1. Does at least one position in the range 169-179 carry a residue that is at pLDDT below 95, open to solvent by 80 Å² or more (accessible area, probe 1.4 Å) and not polar (S, T, N, Q)?
2. Six or more apart or on different chains, Cβ under 9 Å: which pairs go from a residue in the range 27-41 that's within 14 Å of E14 (Cβ to Cβ) to one that's open to solvent by 70 Å² or more (accessible area, probe 1.4 Å)? Could you list them?
3. Considering only residues that are surrounded by 11 or more Cβ atoms within 10 Å (Cβ to Cβ) and in a helix (DSSP H, G or I), which ones fall in the range 79-96?
4. Any residue that is open to solvent by 60 Å² or more (accessible area, probe 1.4 Å), touching a residue at least 24 places away in the same chain (Cβ under 8 Å), of a type outside the set (S, T, Y) and under 30 Å from L25 (Cβ atoms) - is there at least one of those in the range 97-114?
5. Pairs under 9 Å by beta carbon, first residue touching a residue at least 40 places away in the same chain (Cβ under 8 Å) in the range 1-23, partner hydroxyl-bearing (S, T, Y) and part of a helix (DSSP H, G or I), six or more apart or different chains?
6. What number of residues within the range 101-116 satisfy the criterion of being part of a strand (DSSP E or B) and in contact with an Asp or Glu (Cβ under 9 Å, 6 or more places away or on another chain)?
7. Given (1) under 19 Å from P66 (Cβ atoms); (2) modelled with pLDDT under 95; (3) of a type in the set (D, E, K, R), identify the lone condition not met by D143.
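The values are calculated or read from the model by the stated rules, or taken from the named source; none is laboratory data. Worth saying up front: this structure is predicted, and the values here are computed from it rather than measured. So basically every Cβ, Gly included, is an ideal-geometry build from the backbone, and we count neighbours across all protein chains shown. Accessible surface is based on the protein model in full, side chains and every heavy atom, while ligands, DNA and RNA are left aside. Shrake-Rupley method; radii C 1.70, N 1.55, O 1.52, S 1.80 Å.
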Amino acid sequence: MFTLNDEEKSLLKEIAKVALYEAVLHDRHITVDPSKLPQKFSQHLGAFVTLNKDGRLRGCIGRFEPDQPLYEVIIDMAISASRYDNRFTPVSVDELDSIDIEISVLTPRERVNSVDDIVVGKHGIYIVYGNKSGTYLPQVATDMGWDKYEFFNSCCVEKAGIAPEHCKDAELYAYEAIVF
């Protein structure tokens, strides 16, 4: 099972912060020497980078099935969350000092049979129906005070845009996240 200690979490957060600052301040993509990083950062794992400003969401983008090492996914998602989350305008230079970074390193998704298999606070969900899909990280349900059914219904209808009558036929996947 993949784990991260506090030092490794701090290092990944620092990589995300440097990537964010370089992108916003200098329009540059950083490169990191993998030989100076823990070996486990070279594993191909999914991750989300969430940016918050004054306790409110400012950007969040992630990737489930990366074709890159974890540290590169973190770099790319930090930049993407600051520039390409279409719910928000790009992060400005003036905002940088008030941005908090949260990283969620994801376990592989597993298909589940029903909403009853979801454990609130432990599982994130990924829902697919036809060409529509959506996901919520595990912390969304607890942050919103939702039970598993509210969690599922909101992700299905509001996030994925699936008609309520089709939600019961959607494919449902669960995953866990190391959030820091």
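1. Taking every residue of the range 169-179 in turn, none turns out to be at pLDDT below 95, open to solvent by 80 Å² or more (accessible area, probe 1.4 Å) and not polar (S, T, N, Q).
2. Hits for this filter: P38/E7.
3. The answer is I79, S80, A81, S82, R83, E95, L96.
4. yes
5. The qualifying pairs are L12/Y71; I15/Y71; A19/S82; L20/S82; A23/S82.
6. Here is the first cut: in the range 101-116, the ones part of a strand (DSSP E or B) are 101-106, 110-112.
Narrowing the set further to residues that are in contact with an Asp or Glu (Cβ under 9 Å, 6 or more places away or on another chain) leaves 106, 111.
Selection size over the range 101-116: 2.
7. Unmet condition: (1).
Rundown of residues vs (1) modelled with pLDDT under 95; (2) not hydrophobic (A, V, I, L, M, F, W, C), yes/no style:
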| position | (1), (2) |
| --- | --- |
| D54 | yes, yes |
| M77 | no, no |
| A81 | no, no |
| S92 | no, yes |
| P108 | yes, yes |
| D116 | no, yes |
| V128 | no, no |
